[in-house]
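Below: the structure, in structure tokens.
The values are calculated or read from the model by the stated rules, or taken from the named source; none is laboratory data. None of these values were measured; they are calculated from a predicted model. Please note: Cβ atoms are built from the backbone with ideal geometry, for glycine as well, and neighbour counts cover all protein chains shown.
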Amino acid sequence: MSRIPQSLQRQQPLKEQAYQVLRVAILSGELPPGQRLVESQLAKELQVSRTPVREALRLLQHEELVTVDSENTLQVATFSEKDAAEFYDCRIALEQLSVRGACQNSTDSQQQELKRIVQQAEKLSTGKSSQLLNFQLLDLDYRFHRLIAESSQNFQLRSMLDHLFDKMTLLRIQTIQQNRSVLNICTEHQQIYDAIAHRDAEAAVEAIKHHLSASKERVVREMLTKNSVSEVLPPE
């Protein structure tokens with residue numbers, strides 16, 4: 001099992017700390033999709049009893065970041081091609097509202113931050129592919145879309161997207177390990193930013209629909225390719 005990076009501090013509720021540490025480990029890829037989660041092992045690494053770990057895992061199950069397999073074993077969630085398509089369909093619907101709101105309500109400082117994220121991703125995309133670089137690009141992609149949602153000033157929309165973004169992060173971790181092209185986002189993000197900067201809601205909606213539809217196609221294609229290869233290869 002991957003190493004959990006820290007033990008817990010006694011001055012804060014242990015359940016909440018265990019939840020936060022495990023959640024970060026999952027969403028950072030430290031505990032990758034499909035990783036088996038053994039309560040006793042996690043408790044040992046976090047240097048706590050099994051009770052707060054058990055309670056934390058229940059919270060993560062509620063968020064659908066942890067699942068139970070057919071053998072009643074806990075593991076980090078993995079998603080199918082159907083799941084991926086459904087996630088993207090939901091995002092396409094919700095993020096049209098998000099960019100419309102951002103065109104109306106984003107502040108100058110939020111627009112400057114969007115521009116900075118686009119420029120940073122452009123710079124990183126020229127680097128040599130590595131796991132670290134992949135995760136940096138993934139983080140920038142999340143921050144870009146999260147900031148647009150925040151800029152919309154629609155709290156309920158932002159809350160719904162946050163829940164979806166968490167599961168999308170796990171999905172993207174599944175697909176970027178061997179093929180960074182699924183994060184080919186720079187041009188598409190630039191077009192979205194330009195529309196928001198000009199407060200052109202119709203252009204922003206078209207840009208976000210194009211971006212998410214293209215991303216959906218790349219991710220689903222990558223998942224189908226990986227599954228086809230795994231079916232051909234003999235078991236180890």
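For region 171-202, the set of residues classified as modelled with pLDDT of 90 or more and over 18 Å from Leu147 (Cα atoms) consists of Leu171, Glu202, listed by residue number. Of all residues in region 47-56, exactly one satisfies the criterion of being outside any helix (DSSP H, G or I) and surrounded by 15 or more Cβ atoms within 10 Å (Cβ to Cβ), namely Val48. Within region 192-204, residues that are closer than 12 Å to Asn105 by Cβ have Cβ atoms under 9 Å from residues that are part of a loop (DSSP other than H, G, I, E, B) and of a type in the set (Ser, Thr, Tyr) in these pairs: Ile196/Ser106; Arg199/Ser106, counting only partners at least 6 apart in sequence or on another chain. Filtering region 2-20 for residues that are more than 17 Å from the chain's Cα centre (by Cα) and aromatic (Phe, Trp, Tyr) leaves a non-empty set.
Residues in region 13-39 that are over 16 Å from Arg50 (Cα atoms), part of a loop (DSSP other than H, G, I, E, B) and free of Cβ contacts under 8 Å to residues at least 60 places away in the same chain: Glu30, Leu31, Gly34, Gln35.
Restricting region 57-76 to residues that are in a loop (DSSP other than H, G, I, E, B) and touching a residue at least 12 places away in the same chain (Cβ under 8 Å), which is farthest from Ser159 (Cα to Cα)? Step by step, filter region 57-76, then rank; the result is Thr73. Within region 102-113, is there a residue that is of a type in the set (A, V, I, L, M), under 18 Å from the mean Cα position of the chain (by Cα) and crowded, with 19+ Cβ neighbours inside 10 Å? No: zero hits. Within region 89-124, the set of residues being acidic (Asp, Glu) and under 18 Å from Leu161 (Cα atoms) comprises Asp89, Glu95.
The set of residues in region 74-100 being of a type outside the set (Ser, Thr, Tyr) and touching a Pro at 6+ places or on another chain (Cβ under 6 Å) consists of Val76 alone.
Exactly one residue out of Leu133, Leu147 is surrounded by 14 or more Cβ atoms within 10 Å (Cβ to Cβ) and either of a type in the set (S, T, N, Q) or at pLDDT 95 or above (or both): that is Leu147.
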